[in-house]
Amino acid sequence: MKAFADLLERLAFTPARNGKIALLRDFIATRPDPERGYALAALTGELELRHVTPSLLRSLAADRVDETLFALSYDFVGDLAETMALIWPEGPGGNTPDLPDLVEELMSTGRAALPGVIAARLDQMPASERYAYLKLATGGMRVGVSARLARIAVAQYGDIPVEEIEELWHGLTPPYAELFAWTEGGEKPVSAALAPFRPVMLATPIDLDELRDLRPGDFSVEWKWDGIRVQAVVDQGVRRLYTRTGEDISAAFPDVIDAMQFDATLDGELLVRRGDQVAPFSDLQKRLTRKTTPKALLASHPAGLRIYDILIENGQDLREMDFKNRRNRLEDAAQHWPDRIDLSPILQVKDWDHLADLRADPPDAVIEGVMIKRRDSPYLAGRIRGHWYKWKRDPMLVDAVLMTAQRGHGKRSGFYSDFGFGVWDGDRLVPVGKAYFGFTDEELVELDRFVRQNTTDRFGPVRAVAPKLVLEVAFEGLNRSNRHKSGVAMRFPRISRIRRDKPVEEADRIETLRALLPPEV
Amino acid sequence: MRFSDLLHPTERGLYCPVADVYIDPVAPVPRALVTHGHADHARAGHGAVLATGQTLDIMALRYGADFTGARQVAGPDPVQINGVQFEFAPAGHVLGSAQIRLSHRGMTITVSGDYCRLPNPTCAEWQPLPAHVFVTEATFALPVFTHPDPMGEIGKLMTSLRAFPDRAHMVGAYALGKAQRVIALIRAAGWDAPIYIHGSLQALCAYHQEQGIDLGELRPATAETVTKAETAGQIVIAPPSAFNSPWMRRFADPVVGFASGWMQIRNRAKARGVELPMVISDHVDWPDLTRTIQELAPEETWITHGREDALMRWCEMTQRVGRPLRLVGYEDEAE
Ligand SMILES: [Zn+2]
Ligand SMILES: [Zn+2]
């Protein structure tokens, strides 16, 4: 357990991505199976342990520590597992078992026995291991190790292209013994899973100046729809819907799965659609947050796909083909699709200025920009410059007044980092949104100090702040909202600048925001 | 006479109306008693200051010789002011730091200032000053704060120096107390190479050495002549604010460390971009804080800057009379 606790500690304090990869590589190289596999799975959130809920931990803590003191501590520390690890009274000690034994114990212990088992383990461990153990039990390591980063570390360790590992990954389960055997010179494992995820091709941002260096005739242009980029896979009757990071979201979209009557791997956008009308992102979000989908929601928020590309058709891999030819195959295939699935249209663009005009005034509010794709590019894994570009619509900006603040949890805990802001409605401020990011670490420290020096009132964890500071808030779109008094809800708001220079009276008015709303349906 | 007739909180700090003096006032007053030289406790511009000789020296170093009108050194013998007796005893916090006990007509109040009970090579050890009322700081008053052995934290630095012999190791430490303590601990760990210090630490380090605290060979880290090659694999001590300045570019692939009690909380360390957090504090942690109150067993415990709520709750749980003073103007960031 100590090796894993040390790894977690060092990952947490190694900011550089390459540094993290090096730590993972070393761990893989020096720790045996199944420890390295379990560690990797724990770090990437792929370890399925049961029943260790925050409330279970809280009740364990309540047996040992006064509830008020625990609550005050948690408010300060901001992370439940860390609070528990630090506050847990030093136990009698003993020998901590190895990581695999602890993982298997957590997997095999029944719900009723679990609290007792966890408490006994905490009594054995020093604080750093308590932290690692609780993180293991609850998931959510927050040390900046994505599944992708872990796969890169494995790839580097075995000197294997990362794409080959990504393709296999979905057929493998922790502790990945056959994968490590391959990296050490053994047989390449055969992907056990049907309908596997294929690495997605991503676009790099571009602007008009950079576009002028490119020949419009070399490119195809499509709208960039504001849904969720997905990969729809049907393989010998097995159907799966993946996000662009390879997360399987099939269970939340039975209506889409039903409509996937083809044998192909398609790249597209998941959208909520009512007939020809594409619904705003917030409608899709309602579907996303569900584990199971009630019938009424399926009827009121029907989901569908708008397809951009084709990777595999009837078992034939088309990824080496250029975009032009893949598009031809796609248009043929589209003949057979049901209503819920359609083709993303190619825009007829004379030159880049013409595209700039189209982009400035898209035919649908749910368009967030344009995609510009080189016609002779193969379908390449990852974000490789020179093939696909995205030219997003400019974010909307509003000058708002800071009104409330709350301590953040997670990364920004201990600082006031969740900010509520408002705009003028007559001579009163009306709240229009909340933002948790967009600011730099230095700005965070500055905002935190401002909040503490200008608190006028407290409501539980929320501080009301004197209306003295103007924030420039950037956001991607605006929806109508009945839940908010202002009647508007921002999409993806973030603080783009602190406007110390601007007097609060000159912040924006609610009328300005209302004018940006999509037309009522 | 009630306790609050002898001492009570005001906007300017704790005030003793009988002697007409303030303790650690946050704004200029005619007569101030100062527990120690940290900027939030020791401010310039008072009419007269009574403090330990070292604290007076430190104030003069920081604010200039004319930081106050009159000054008086608090020595081993108590000082009488308008019939109130004031005793100074070591607080174990930083060089010169003191607790102050007021006695008047059989009533006693001890003001801790900031204090720490771990041995500290740069200052005299904390001594108990029992009283009817104990006014305690509460900087780390949460049960999550259990400060580890400082030598173990220095060990992390030594391990990192061995693992990255080509990188400069920058250790953030506040200028008064923490910086010198960290240097003394590094020396105790057997590191005898020159240690590079930021210019803003120069005067206070020199003063510590004058006072007989051995810090070994110190070199200026802000001199124009310092090269990347020279500081690779070496230790550089600087105030944390210096890490955001272009000065950092002079060092070879620096490892950023920070010595502070706050480093126990991961997000505090991460928010500052620290790679090598070292949990070294000049304040009492939760076990020492609660132990001190138990040992002194005052009739009342008054709680000043920090996490007053948690200590209040502890007093309630242990059937003690606690009182939050809600004094403003003290910072707990600079630890
Ligand atoms: Zn202090
Ligand atoms: Zn203090």
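Matching residues to (1) modelled with pLDDT of 90 or more; (2) touching a strand residue (DSSP E or B) at 6+ places or on another chain (Cβ under 8 Å); (3) within 14 Å of chain B (Cβ to nearest Cβ); (4) farther than 24 Å from B:V274 by Cα:
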residue	(1), (2), (3), (4)
A:T404	yes, yes, no, yes
A:R407	no, yes, yes, no
A:G414	no, yes, yes, no
A:G433	yes, yes, no, yes
A:T456	no, yes, no, yes
A:V470	yes, yes, no, yes
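Keeping to region B:314-325, report how many residues are in a loop (DSSP other than H, G, I, E, B) and within 13 Å of another protein chain (Cβ to nearest Cβ).
Our first condition is that a residue be in a loop (DSSP other than H, G, I, E, B); within region B:314-325, this holds for B:318-320, B:325.
Narrowing further to those that are within 13 Å of another protein chain (Cβ to nearest Cβ): B:318.
Within region B:314-325, residues that are in a loop (DSSP other than H, G, I, E, B) and within 13 Å of another protein chain (Cβ to nearest Cβ) number 1.
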(message) Taking the conditions exactly as written (within 28 Å of A:A81 (Cα to Cα) and either within 15 Å of ligand 2 (Cβ to nearest atom) or not in a strand (DSSP E or B) (or both)), does B:L157 satisfy them or not?
(response) yes
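Hey, among B:G69, B:G113, which residue is more than 16 Å from ligand 1 (Cβ to nearest atom) and either out of contact with any Cys (no Cβ under 7 Å at 6 or more places or on another chain) or among the β-branched types (V, I, T) (or both)?
Values: B:G113 fails: more than 16 Å from ligand 1 (Cβ to nearest atom).
Unique residue meeting the criteria: B:G69.
Would a scan of region B:32-43 turn up a residue that is surrounded by 17 or more Cβ atoms within 10 Å (Cβ to Cβ) and more than 16 Å from ligand 1 (Cβ to nearest atom)? Outline the logic, then answer.
Looking only at region B:32-43, we keep the residues that are surrounded by 17 or more Cβ atoms within 10 Å (Cβ to Cβ), and these are B:32-38, B:41-43.
Subsequent filtering for residues that are more than 16 Å from ligand 1 (Cβ to nearest atom) retains none.
Taking every residue of region B:32-43 in turn, none turns out to be surrounded by 17 or more Cβ atoms within 10 Å (Cβ to Cβ) and more than 16 Å from ligand 1 (Cβ to nearest atom).
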(message) Can you find, within region A:180-209, the residue that is most open to solvent (accessible area, probe 1.4 Å) among those that are touching a residue at least 12 places away in the same chain (Cβ under 8 Å), closer than 30 Å to A:R385 by Cα and part of a helix (DSSP H, G or I)?
(response) A:L208
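The rows are residues; the columns are (1) open to solvent by less than 40 Å² (accessible area, probe 1.4 Å); (2) more than 9 Å from chain B (Cβ to nearest Cβ); (3) at pLDDT 90 or above; (4) within 31 Å of the chain's Cα centre (by Cα).
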position	(1), (2), (3), (4)
A:F70	yes, no, yes, yes
A:S73	yes, no, yes, yes
A:D79	yes, no, no, yes
A:E82	yes, no, yes, yes
A:G93	yes, yes, no, no
A:L99	yes, yes, yes, yes
A:V103	yes, yes, yes, yes
A:M107	no, yes, no, yes
(request) Count, please, the residues in region A:177-186 that happen to be out of contact with any Phe, Trp or Tyr (no Cβ under 9 Å at 6 or more places or on another chain) and among the aromatic types (F, W, Y). (result) 1
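Please specify each residue of region A:249-281 satisfying the condition of being loosely packed, with under 15 Cβ neighbours inside 10 Å and within 24 Å of A:V200 (Cβ to Cβ). Reasoning before the result, please.
Taking region A:249-281 as the starting set, the residues that turn out to be loosely packed, with under 15 Cβ neighbours inside 10 Å are A:251, A:254, A:258, A:261, A:274-277.
The answer is A:A251, A:P254, A:D258, A:Q261.
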(request) Could you please tell me which pairs satisfy a Cβ distance under 9 Å, a separation of 6+ or placement on different chains, a first residue in region B:274-287 that is of a type in the set (S, T, Y), and a second residue that is assigned to a loop (DSSP other than H, G, I, E, B)? (result) B:S281/B:C116; B:S281/B:L118; B:S281/B:T139; B:S281/B:F140; B:S281/B:F145; B:S281/B:H147; B:S281/B:S260; B:S281/B:E335
(request) Any chance you could count how many residues in region A:462-500 are out of contact with any Pro (no Cβ under 9 Å at 6 or more places or on another chain) and in contact (Cβ under 8 Å) with a residue 12 or more places away in the chain? (result) 20
(message) Testing B:S281 on (1) assigned to a loop (DSSP other than H, G, I, E, B); (2) open to solvent by less than 10 Å² (accessible area, probe 1.4 Å); (3) farther than 20 Å from B:Q180 by Cα, one condition comes back false. Which one is that?
(response) (3)
(request) For B:A51, indicate whether it is modelled with pLDDT under 95, within 16 Å of ligand 2 (Cβ to nearest atom) and not charged (D, E, K, R). (result) no
(request) Report the residue count in region A:159-170 for those that are surrounded by 15 or more Cβ atoms within 10 Å (Cβ to Cβ) and in a loop (DSSP other than H, G, I, E, B). (result) 2
(request) Quick one: B:Q294 ticks every box in (1) within 16 Å of ligand 2 (Cβ to nearest atom); (2) over 21 Å from the mean Cα position of the chain (by Cα) except a single one, so which number is it? (result) (1)
(request) Go through region B:3-31 and give me each residue that's open to solvent by 30 Å² or more (accessible area, probe 1.4 Å) and within 20 Å of B:T108 (Cβ to Cβ). (result) B:F3, B:S4, B:D5, B:H8, B:P9, B:Y15, B:P17, B:V18, B:D20, B:Y22
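Just to check your reading of the model, which residue among A:A81, A:A39, A:A113 is more than 23 Å from B:W286 (Cβ to Cβ) and in contact (Cβ under 8 Å) with a residue 40 or more places away in the chain?
Working: A:A81 fails: more than 23 Å from B:W286 (Cβ to Cβ); A:A113 fails: in contact (Cβ under 8 Å) with a residue 40 or more places away in the chain.
That would be A:A39, the only listed residue that is more than 23 Å from B:W286 (Cβ to Cβ) and in contact (Cβ under 8 Å) with a residue 40 or more places away in the chain.
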(request) Would you point out the residue of region B:72-88, among those that are of a type outside the set (D, E, K, R), in a strand (DSSP E or B) and more than 16 Å from ligand 1 (Cβ to nearest atom), that is farthest from the other protein chains (Cβ to nearest Cβ)? (result) B:Q80
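The values are calculated or read from the model by the stated rules, or taken from the named source; none is laboratory data. Since we're looking at a predicted model, the values are computed, not measured. Counting neighbours? That spans all protein chains shown, and the Cβs are built from the backbone with ideal geometry, glycine included. To get the accessible areas, we keep the full protein, side chains included, count just its heavy atoms, and leave off ligands, DNA and RNA. Shrake-Rupley method; radii C 1.70, N 1.55, O 1.52, S 1.80 Å.
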